[in-house]
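A.B. asks: This is the structure I want to talk about, given as structure tokens.
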């Protein structure tokens with residue numbers, strides 16, 4: 001059975017994968033989202049779980065929607 005932690009883990013993996021694919025720095029995304037770069041780093045490292053608001057702001061900064069990020073995360077989680 002999947003857990004909330006599994007989805008959160010997959011969510012941050014998708015966020016990082018999309019950021020890297022777009023060749024955007026953590027600094028740039030953090031600035032667009034109004035976050036500190038260290039906060040984004042902790043999220044991507046799995047040391048923090050983003051709030052819905054933060055995940056939404058990151059998704060928008062990446063040019064997508066939170067619902068698309070969540071769908072990708074669910075697909076990633078299902079492929080484990």
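None of the figures in this text is laboratory data; all of them are computed from the coordinates on show. Everything quoted here is computed from the prediction, not taken from an experiment. Cβ placement follows ideal geometry from the backbone for every residue including glycine, while neighbour counts extend to all protein chains displayed.
A.B. asks: Considering only residues that are within 12 Å of residue 15 (Cα to Cα) and without any contact (Cβ under 8 Å) to a residue 24 or more places away in the chain, which ones fall in the stretch 46-59?
C.D. replies: Listed by number, the residues that qualify are 54, 56.
A.B. asks: Hey, can you tell me all the residues within the stretch 46-63 that are in contact with a helix residue (DSSP H, G or I) (Cβ under 9 Å, 6 or more places away or on another chain) and closer than 17 Å to residue 7 by Cβ?
C.D. replies: 46, 47, 48, 49, 50, 52, 54, 55, 56, 58, 59 - these are the residues of the stretch 46-63 that are in contact with a helix residue (DSSP H, G or I) (Cβ under 9 Å, 6 or more places away or on another chain) and closer than 17 Å to residue 7 by Cβ.
A.B. asks: Also: Kindly provide the set of residues from the stretch 1-53 that are buried (at least 17 other Cβ atoms within 10 Å of the Cβ), more than 11 Å from the chain's Cα centre (by Cα) and in a loop (DSSP other than H, G, I, E, B), ordered by number.
C.D. replies: Selection gives 35 alone.
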